[in-house]
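I have placed the structure first, in the form of structure tokens, so that the comments after it can refer back to it.
The values are calculated or read from the model by the stated rules, or taken from the named source; none is laboratory data. Computed from a predicted structure; not experimentally measured. Every residue, glycine among them, receives a Cβ derived from its backbone with ideal geometry; neighbour counts consider all protein chains shown.
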Amino acid sequence: MSAVWTAYRVLAPVAGALAPAIGVFAPAAERTRWSERLGLAPALGGCEAWIHAASLGECAAVGPLARELRALDSQARLMLTSTTRTGRERLAALDGAVALAPLDAPQAVRRFLARVQPARLFVIETELWPHWLLAARERGIPVAFVSARLSRASVRGYQRLGRPLRALLAGVSAVLSQSAEDAARWREVGVPGDRLAVCGNLKFDALPAPVTEDERARGRAALGLDPARPLLTLGSLRPGEAAPLARAWRSLDPALAGRWQVVAVPRHAQALSGLEGEARAAGIGARPAEAGGGDGAWRWDARPGVLMSYYAASEAAFVGASLVPLGGHNPLEPAALGAAVLTGPEMSHQKPAVEALARHDGIEIADATRLPAALARLLSDESFRAERARAALAAVEELRGAARRAAAELARRGLWPVA
């Protein structure tokens with residue numbers, strides 16, 4: 001038996017025993033919900049499905065799935081959990097009971113299942129908690145992973161848990177993966193081939209609808225920007241990206257640059273000062289989020305939750321984590337709202353999205369050397385920009401439908417509705 005598995009099985013009950021006392025040392029915001037970590041979720045006394053999503057990004061996928069499940073069973077009671085507080089807040093806007101997920105300790109899992117009594121467990125993407133799976137198996141609760149993904153690094157990590165985890169995964173009722181590559185990796189960690197299906201990425205169904213030009217202008221006004229001037233949003237910037245973008249911006253004809261307004265949104269607030277410094281060193285002035293102005297300075301906004309509002313107000317958007325080797329952020333977010341999309345070449349984490357956009361000729365990809373020319377063309381040629389935006393929207397529509405396919409596959413396998 002794997003030493004890693006043995007250690008986990010020994011230490012998890014110890015952690016569960018200590019968890020009630022450990023809660024007093026948690027941050028204040030965490031302490032208010034610590035009882036949920038211990039498994040003290042709302043006492044439903046029975047529900048059709050427990051749906052779990054790890055964090056804020058995965059929680060975006062819960063709404064579309066819940067909608068399709070309820071289309072097949074309008075009276076279904078759902079228990080929604082997330083590992084993070086921000087994810088829990090997002091789930092609270094949906095129709096269902098909500099809690100932080102229980103710790104993967106046998107005591108917490110037993111309390112949770114006794115109070116909730118779910119008939120099914122549907123896990124979004126990749127959350128393999130051994131004690132959850134063990135408890136589900138003991139109670140005869142079918143488990144399905146939906147919008148499932150698995151990286152090569154995760155495969156290596158899970159394989160270190162050895163045959164016990166493979167045996168647990170062999171008993172999973174279904175794995176509905178995002179791609180054929182993901183399905184192959186799930187098979188490597190022990191899921192039988194007949195339990196696998198490819199249904200796509202639920203997050204694509206959570207993408208917003210495109211906005212009209214009037215809505216775009218009103219969005220700029222609501223953000224304190226000039227409603228009449230087009231907007232370029234530099235979204236989810238990471239350290240090292242402001243400098244090449246600033247150099248590209250400075251290379252533009254001044255008359256062209258003067259027609260546009262620019263907002264830069266860091267991925268993480270703590271990176272703001274460093275990113276501003278990069279731009280400043282390249283000759284770009286800065287304005288705070290509250291300021292308007294049209295003197296060529298970039299407006300910076302590091303407040304949480306603002307990026308989608310800027311994308312909705314933009315004619316063009318650069319998507320960050322793509323000029324540095326971080327795999328890129330989601331280019332479909334601005335595309336779905338009708339913005340023309342520009343990225344760097346480092347988009348390995350967004351492969352399905354980039355492939356779909358490329359099939360429709362709906363994305364411009366440029367490294368730091370080609371960035372000035374690509375930016376100039378995107379901002380100066382209105383017909384080119386509009387065609388890129390239309391093509392990107394077509395790619396978004398092609399990718400939607402994973403929630404409907406997943407619900408149909410669960411129904412085909414007898415996992416939904418609950419008899």
| query | Counting just the residues of the range 76-90 that are at pLDDT 95 or above and more than 17 Å from residue 39 (Cβ to Cβ), which one comes out surrounded by the fewest Cβ atoms within 10 Å (Cβ to Cβ)? | reply | 77
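Of the residues 415, 410, only one is within 25 Å of residue 69 (Cα to Cα) and assigned to a loop (DSSP other than H, G, I, E, B); which?
On the way: 410 fails: assigned to a loop (DSSP other than H, G, I, E, B).
When all the criteria are applied, what remains is 415.
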| note | By residue number, the members of the range 355-381 that are more than 27 Å from the chain's Cα centre (by Cα) and acidic (Asp, Glu) are 381
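Take the conditions part of a helix (DSSP H, G or I) and among the basic types (Lys, Arg) and apply them to residue 280. Does it pass?
Here the answer is yes, as residue 280 does meet what is asked.
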| Right, residue 345: in contact with a strand residue (DSSP E or B) (Cβ under 9 Å, 6 or more places away or on another chain), modelled with pLDDT of 95 or more and part of a loop (DSSP other than H, G, I, E, B) or not? | yes
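Look at residue 282 and say whether it is surrounded by fewer than 17 Cβ atoms within 10 Å (Cβ to Cβ), farther than 30 Å from residue 149 by Cβ and over 18 Å from the mean Cα position of the chain (by Cα). Lay out the reasoning, then the answer.
Details: surrounded by fewer than 17 Cβ atoms within 10 Å (Cβ to Cβ): yes; farther than 30 Å from residue 149 by Cβ: yes; over 18 Å from the mean Cα position of the chain (by Cα): yes.
So residue 282 fits the description; yes.
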| Residues within the range 41-75 that are of a type in the set (A, V, I, L, M) and either without any contact (Cβ under 8 Å) to a residue 60 or more places away in the chain or surrounded by fewer than 16 Cβ atoms within 10 Å (Cβ to Cβ) (or both), tallied | 5
| said: Could you go through the range 206-225 and let me know if any residue there is touching a residue at least 24 places away in the same chain (Cβ under 8 Å), on the phi < 0 side of the Ramachandran plot and part of a strand (DSSP E or B). | reply: no
| request: Identify all residues within the range 82-120 that are charged (D, E, K, R), farther than 19 Å from residue 18 by Cβ and in contact (Cβ under 8 Å) with a residue 12 or more places away in the chain; write none if there are none. | output: 85, 88, 90, 95, 115, 120
| field | helices (runs of 4 or more DSSP H) fully within the range 1-40 counting 2 or more residues that are surrounded by fewer than 16 Cβ atoms within 10 Å (Cβ to Cβ) | value | 3-22, 28-31
| field | the range 239-274 - residue that is in a loop (DSSP other than H, G, I, E, B) and touching a helix residue (DSSP H, G or I) at 6+ places or on another chain (Cβ under 7 Å) and, of those, nearest to residue 298 (Cα to Cα) | value | 260
| said: Among (1) in a helix (DSSP H, G or I); (2) over 30 Å from residue 400 (Cβ atoms), there is one condition residue 66 misses while meeting the rest; what is its number? | reply: (2)
| request: Please list, ordered by first then second residue, the pairs with beta carbon atoms under 9 Å, 6 or more apart or interchain, first in the range 231-253 and of a type in the set (Asp, Glu), second assigned to a strand (DSSP E or B). | output: 241/234; 241/318
| request: Report yes if some residue within the range 185-204 is under 30 Å from residue 357 (Cα atoms) and in contact with a Pro (Cβ under 6 Å, 6 or more places away or on another chain); otherwise report no. | output: yes
